[in-house]
1. List the helices (runs of 4 or more DSSP H) that sit entirely inside the stretch A:190-294 and contain at least 1 residues that are away from every other protein chain (no Cβ under 12 Å) and among the acidic types (Asp, Glu).
2. Could you list, in sequence order, the residues of the stretch B:141-198 that are of a type in the set (S, T, N, Q) and within 26 Å of B:GLY85 (Cβ to Cβ)?
3. Please pick out the residue among A:LEU53, A:LEU101, A:LEU119, A:LEU78 that is in contact with a helix residue (DSSP H, G or I) (Cβ under 9 Å, 6 or more places away or on another chain) and within 30 Å of B:ILE151 (Cα to Cα).
4. Go through B:THR195, B:THR152, B:THR210 for me and flag whichever is modelled with pLDDT of 95 or more, polar (S, T, N, Q) and open to solvent by less than 30 Å² (accessible area, probe 1.4 Å).
5. Which members of the stretch B:98-121 meet the condition of being surrounded by 18 or more Cβ atoms within 10 Å (Cβ to Cβ) and within 12 Å of chain A (Cβ to nearest Cβ)?
6. Please work out which one of (1) crowded, with 24+ Cβ neighbours inside 10 Å; (2) free of Cβ contacts under 8 Å to residues at least 24 places away in the same chain is the condition B:LEU204 fails and give its number.
7. Could you run through the stretch A:118-149 and say how many residues are in a strand (DSSP E or B) and either β-branched (Val, Ile, Thr) or over 14 Å from the mean Cα position of the chain (by Cα) (or both)?
8. I'd like to check something: does the stretch A:94-101 contain any residue that is outside the structural domain of A:ASP222 (by TED's automatic domain parsing), within 30 Å of B:THR134 (Cα to Cα), without any contact (Cβ under 8 Å) to a residue 24 or more places away in the chain and out of contact with any strand residue (DSSP E or B) (no Cβ under 7 Å at 6 or more places or on another chain)?
Protein chains: 2
Amino acid sequence: MADATARDVGEFGLIARVIDRLAGSPSVLLGPGDDAAVVAAPDGRVVATTDVLVEGVHFRRDWSSAYDVGRKAAASNLADIAAMGARGTALLVGLAAPADLPLAWSLELTDGLRDEAVLVGAAVVGGDVVRSDTLVISVTALGDLDGRDPITRSGARPGDVVVLAGELGRSAAGMGLLEAGTREGELVDAHRRPTPPYDMGPVLALAGATAMCDISDGLVADLGHVARASGVHIDLDAADELFLTGGEDHALVATLPGGAAVPEGARVIGRVLAGEPAVTVAGQPSRGGWDHFA
Amino acid sequence: MADATARDVGEFGLIARVIDRLAGSPSVLLGPGDDAAVVAAPDGRVVATTDVLVEGVHFRRDWSSAYDVGRKAAASNLADIAAMGARGTALLVGLAAPADLPLAWSLELTDGLRDEAVLVGAAVVGGDVVRSDTLVISVTALGDLDGRDPITRSGARPGDVVVLAGELGRSAAGMGLLEAGTREGELVDAHRRPTPPYDMGPVLALAGATAMCDISDGLVADLGHVARASGVHIDLDAADELFLTGGEDHALVATLPGGAAVPEGARVIGRVLAGEPAVTVAGQPSRGGWDHFA
């Protein structure tokens, strides 16, 4: 069975093998295998987000192992949950795969999704497996607010400071190295497997964050959404290009009231000003971002 | 803009236009446009399920309008929620689409998803839009149990009766007609746009259902999962082939204790017996189902 494919084991054979590899979690009240899963939502509200990863657009099988793709797919969603100030509880995964996809690839993908979920105490609770010419992985993450208000993009106010938790630019630098032929090293690994600062989501919420988001398209692009949603001007301290425009590190950026204590693990990188929605760097215009259809 | 494509308006342009067409719901505490949505989960548990639809496998653009694909994608997930005895509250939608997909197609898909969700009081709360050579639609549905226990596939007991709510075989008959060149008629519409009996999920739960599932792969195939999970033999009354094997109608089938009143909208179609897990028809072996990689 070492060379088995999805076609060899069939839809139900593949699902059974995937389920065998999953882990539980106290949040999982009914796991995979039924029409739907049941997940604890003690807060009485559930936070939910979906990201889709496509082979050749978001990952390459010759650049990343299946395990790393699973880690990254889970991370991009769980970072969105953290960016609301919430704690991840569950993942649901849709896999659209060519019939000749090696069985081992699907199972290692599962292991990656499982291991990233475990980092926040979440678990894979359900999903779907279908046939497709293009390899597409869709992940939905659920989370719990533990009684806190969700931190949206629209609450930044003039006088706030902009704080960052996590790394920026490393994933983009790693992708540049992969494109140039490098296959090993810290930056390459940072591209293959981002390490979002999940715990800092709730920490920044408790510290009084007025707005928060994760950095998936680049700091300037993502803060642009905050500036527009909040109706404020955000001015960042001077920084290099990759720091400003590199996406996919899934760092968390938040605004805190000027007088608030900046929690350990976060650092000030700019200020919120009154004015037309814009993001500037040391007062100068800046551009950067990523559009999937451009 | 009548001939505009996803590429013409860009990722954020497309997302903005999609969000413009969505409806709200009392369950939606924070809708699309942030890192994640926030949905009411008054029960303290959330029911969650994911289905993926692939062009050429689950739908054809020359057979179904974008609106109908949206209705069907929402229906297949909301039926899974109903099959747990729950009420749908929210949908999240991942769209992986070629850059030349007409903008109008994406927007009509959105309308279909929205209108099917409205039938159960749910709403589209979030999603993702990415570029892909293959058109793939991934839908996650969330639901609330309103204090009831979830109805799984594993609770059927000897002495129970098997009851059906909704139609069977019509979607498969309609697909046969489409394959033969027919493009209009009731059965063709039943394939394009199934009408699951959503309300019967909670009704059957309240009637004492011991097990329940929706019919997506065919009555015999889906009851096979119940037979295995419950460790029982299910014997169905005599019926025609299409009734037994036709999938995608998303009817609900449940087992009720022998003495329970069968609620209006459901009818008895078989019995649960002791014995090795199996599904028979009038005591005779039966086969039927659908495997996505076979």
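1. A:241-245
2. Answer for the stretch B:141-198, where residues must be of a type in the set (S, T, N, Q) and within 26 Å of B:GLY85 (Cβ to Cβ): B:THR152, B:SER154, B:SER171, B:THR195.
3. Answer to the selection: A:LEU78.
4. Result: B:THR152 is the single residue among B:THR195, B:THR152, B:THR210 that is modelled with pLDDT of 95 or more, polar (S, T, N, Q) and open to solvent by less than 30 Å² (accessible area, probe 1.4 Å).
5. Passing the criteria: B:LEU101, B:LEU103, B:SER106.
6. (2)
7. Result for the stretch A:118-149: 14.
8. no
The values are calculated or read from the model by the stated rules, or taken from the named source; none is laboratory data. Keep in mind that this is a model prediction, so the values were computed, not measured. As a convention, Cβ positions derive from the backbone with ideal geometry for all residues, glycine included, and neighbour counts pool all protein chains shown. To get the accessible areas, we keep the full protein, side chains included, count just its heavy atoms, and leave off ligands, DNA and RNA. Shrake-Rupley method; radii C 1.70, N 1.55, O 1.52, S 1.80 Å.
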